[in-house]
Amino acid sequence: MSNDTDTDNNNDIPKEYRYSLVFLYSVVLVGGVISISLMINLLQSNMRSVTTTAVLNLIIVHILFLLTVPFRIYYYASGHWKLNGGLCKVVSLMIFAHIHLAFIFYCIILVGRYLTFFRRTTQMEFYRTLHAVGASLVVWALVLLIILPVGVKEYGSNSNGTSDQCFDFGNSLEVHTVKVLNYILSCIILIVTLAIAGFQVWILGHVYRTYRALTFSHQEFWAQMKSTSFVVVMVVCFVPYNLFRIYYVSQTQRESLDPINEILLAVTSLSCLDMLTLIGRPKPICGPCCT
């Protein structure tokens, strides 16, 4: 590809898109570190709580992803990849693992809170701390067993790029199993997210009908606003990318769509700022009102 004012020799993404990506990932890195640092101080230590366990796992997911963000900033700022190819593969796959692990833990947090809401209990707990650890390991194993084998095998297969390119899956999306897997995962995320959003709206309506004029002064309303914060993060961060992903995967010529795909993929990483929506509340995230 010839060099011009808008693109670099080794990167097909126009400069204006690359600068936007650098900005987005910089916000994610700084905001994510602040969010996690503040949230760790607010967490209670009851590891048998379902919500606490899910939140701790979510924080670990964010931390592991944030460790790879500086490499994304480096690549989009410089326009080329001069580091190890294996590292490129790890950084590339980590964002997809982050999306799906974060999504699962959001669902666990919200389902736990909904069950608590209807059962009128203070919290849901595992019988033993070991059970909480075991459940966490099962979730991690399920996601990684889906993401890693496909990613390691297909990443960069038949790529038309150069060794200076990264985050390039080449023609791997032409593989039938990879394409079907993308469709299935995107549809699951979209359906579940929209269903949860609709359910959360119903719960807020139920709370309002119950307390009427006292709604905004009642603890239950503010407890549900915490749930709403997670739902908003899911809708804003995951729905746009997965809607576009279905269209993107269905196309045979994707080069012109790559910049948009990368921007929306970067938007999913804004979920690392999720804990900032809960900072400053009078009760910790895993207190009785939310577990």
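The values are calculated or read from the model by the stated rules, or taken from the named source; none is laboratory data. Predicted, not measured: the structure shown is a model, and the values here were computed from it. Glycine gets a Cβ as well: all are built from the backbone with ideal geometry, and neighbour counts include every protein chain shown.
Before moving on, here are some points about what is shown:
- In the stretch 221-250, the residues that are touching a residue at least 60 places away in the same chain (Cβ under 8 Å) and either touching a strand residue (DSSP E or B) at 6+ places or on another chain (Cβ under 7 Å) or over 21 Å from Y183 (Cβ atoms) (or both): W222, A223, Q224, K226, S227, F230, V231, V233
- Among residues that are part of a helix (DSSP H, G or I), hydrophobic (A, V, I, L, M, F, W, C), farther than 24 Å from L24 by Cα and out of contact with any helix residue (DSSP H, G or I) (no Cβ under 6 Å at 6 or more places or on another chain), I260 is not included.
Every residue, every condition in (1) surrounded by 17 or more Cβ atoms within 10 Å (Cβ to Cβ); (2) assigned to a loop (DSSP other than H, G, I, E, B); (3) among the small types (G, A, S); (4) modelled with pLDDT of 80 or more, yes or no:
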position: D6; (1), (2), (3), (4): no, yes, no, no
position: E16; (1), (2), (3), (4): no, no, no, yes
position: S20; (1), (2), (3), (4): yes, no, yes, yes
position: S26; (1), (2), (3), (4): no, no, yes, yes
position: V30; (1), (2), (3), (4): no, no, no, yes
position: I40; (1), (2), (3), (4): no, no, no, no
position: S45; (1), (2), (3), (4): no, yes, yes, no
position: I63; (1), (2), (3), (4): no, no, no, yes
position: Y74; (1), (2), (3), (4): yes, no, no, yes
